[in-house]
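The values are calculated or read from the model by the stated rules, or taken from the named source; none is laboratory data. None of these values were measured; they are calculated from a predicted model. We place every Cβ from the backbone using ideal geometry, glycine too, and count neighbours over all the protein chains shown. Only protein heavy atoms, including side chains, enter the accessible area calculation; ligands, DNA and RNA are left aside. Shrake-Rupley method; radii C 1.70, N 1.55, O 1.52, S 1.80 Å.
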Amino acid sequence: MSQICECWGLTRKKVEEAVRTRHLRTPDEIYDHFQGVGCGVCIEDMEAIIASCEETTKG
Ligand code: FES
């Protein structure tokens, strides 16, 4: 399991699922969706997940 967010114990899979099903488009939306407040260290990982989800949902 690749955990990308230590604050909330989120795995990549869990974040990807939320991005797809809730149509989250920014790291802030992801943070709000889960807990609201975190350290922000994982923000680049969140952005990467959003980007990869956007690519795979195109077309
Ligand atoms: S590691 Fe994700 S908010 Fe802290």
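Checked against (1) more than 8 Å from the ligand (Cβ to nearest atom); (2) loosely packed, with under 14 Cβ neighbours inside 10 Å, Val41 passes all but a single condition, namely (1). When each of Ile30, Ile4, Ile50 is tested for being crowded, with 16+ Cβ neighbours inside 10 Å, part of a helix (DSSP H, G or I), within 13 Å of the ligand (Cβ to nearest atom) and not charged (D, E, K, R), the lone residue that passes is Ile30. Look at the range 6-17: where a residue is more than 20 Å from Ser52 (Cβ to Cβ) and a partner is open to solvent by less than 50 Å² (accessible area, probe 1.4 Å), sitting 6+ places away or on another chain with Cβ atoms under 6 Å, you get Cys7/Gly38.
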